[in-house]
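The values are calculated or read from the model by the stated rules, or taken from the named source; none is laboratory data. Remember, predicted model here, so these are calculated numbers, not experimental data. Positions of Cβ are generated from backbone atoms using ideal geometry, with glycine treated the same way; all protein chains shown enter the neighbour counts.
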Amino acid sequence: MIATRVQAGAFDAAAEVAALTAGRSDLGAVVTFTGLVRDVAMTLEHYPGMTERQLGAVAAEAAARWPGLVGSVVHRFGALAPGEAIVLVVTAGRHRGEAFAAAEFLMDWLKTRAPFWKHEAGAGWVGAKASDDDAAARWERP
């Protein structure tokens, strides 16, 4: 199972990992990714309800691709300053390969398909880059 959450406030990555792994002796690897706001302030907007459904759907797909994997995705919205954490992906499994792959899958999806709208100070509305789309394309099923 991969839990998802959308929130305005900051998160504690260490607390998220501790909660995910508490009492588990079957896990051999934990991978964390924390995305930070670069260079300029931004505001993230989303549609409550729709965003949570979409994140839940991608979490379910990751869980189906990597059975036995557990994880957590926390994505922030609202006004964010440079250096602030914007997203956290934690994946844990029996082996590092599946944990790394699932974390990459989740981040590639979040960068390209998650229903968040970013407004960067001075730049306006921004979207995924072509390189983000290329990275996400590797996960497409035939």
*Pick from the range 14-35 the residues that are under 14 Å from the mean Cα position of the chain (by Cα) and within 12 Å of Val73 (Cβ to Cβ): which of them is surrounded by the most Cβ atoms within 10 Å (Cβ to Cβ)?*
Glu16
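Working only within the range 82-110, note down all residues that are over 11 Å from the mean Cα position of the chain (by Cα), more than 15 Å from Gly28 (Cβ to Cβ) and of a type outside the set (A, V, I, L, M). Show your work before the answer.
Start the filter on the range 82-110 by keeping residues that are over 11 Å from the mean Cα position of the chain (by Cα), which leaves 82-85, 92-101.
Still in the running and more than 15 Å from Gly28 (Cβ to Cβ): 82-85.
The answer is Pro82, Gly83, Glu84.
Can you tell me which residues in the range 29-65 are of a type in the set (A, V, I, L, M) and free of Cβ contacts under 8 Å to residues at least 40 places away in the same chain? Explain how you work it out, then say what you get.
Residues of the range 29-65 that are of a type in the set (A, V, I, L, M), as a first pass: 29-31, 36-37, 40-42, 44, 50, 55, 57-60, 62-64.
Correct list: Ala57, Ala64.
Does the range 77-90 hold any residues that are surrounded by fewer than 22 Cβ atoms within 10 Å (Cβ to Cβ) and either outside any loop (DSSP other than H, G, I, E, B) or among the aromatic types (Phe, Trp, Tyr) (or both), and which are they?
Listed by number, the residues that qualify are Phe77, Gly78, Ala79, Leu80, Ala85, Ile86, Val87, Leu88.
Out of everything in the range 1-27 that is part of a loop (DSSP other than H, G, I, E, B) and in contact with a helix residue (DSSP H, G or I) (Cβ under 7 Å, 6 or more places away or on another chain), what residue ends up being nearest to Phe116 (Cα to Cα)?
Of all residues in the range 1-27, those part of a loop (DSSP other than H, G, I, E, B) come to 1, 8-12, 22-27.
With in contact with a helix residue (DSSP H, G or I) (Cβ under 7 Å, 6 or more places away or on another chain) added as a condition, the list becomes 1, 27.
Working: Met1: 23, Leu27: 32 Å.
Among those residues, the one meeting the criterion is Met1.
Kindly indicate which of Arg53, Arg38 is within 15 Å of the chain's Cα centre (by Cα), loosely packed, with under 14 Cβ neighbours inside 10 Å and more than 22 Å from Gly97 (Cα to Cα). Break it down into steps so the answer makes sense when it comes.
Numbers: Arg38 fails: within 15 Å of the chain's Cα centre (by Cα).
Checking each option against the conditions leaves just Arg53.
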*Can you find a residue in the range 44-52 that is within 29 Å of Gly122 (Cα to Cα), in a strand (DSSP E or B) and at pLDDT 95 or above?*
no
*Return yes when Gly71 is surrounded by 19 or more Cβ atoms within 10 Å (Cβ to Cβ) and more than 17 Å from Arg113 (Cβ to Cβ) and no when it is not.*
yes
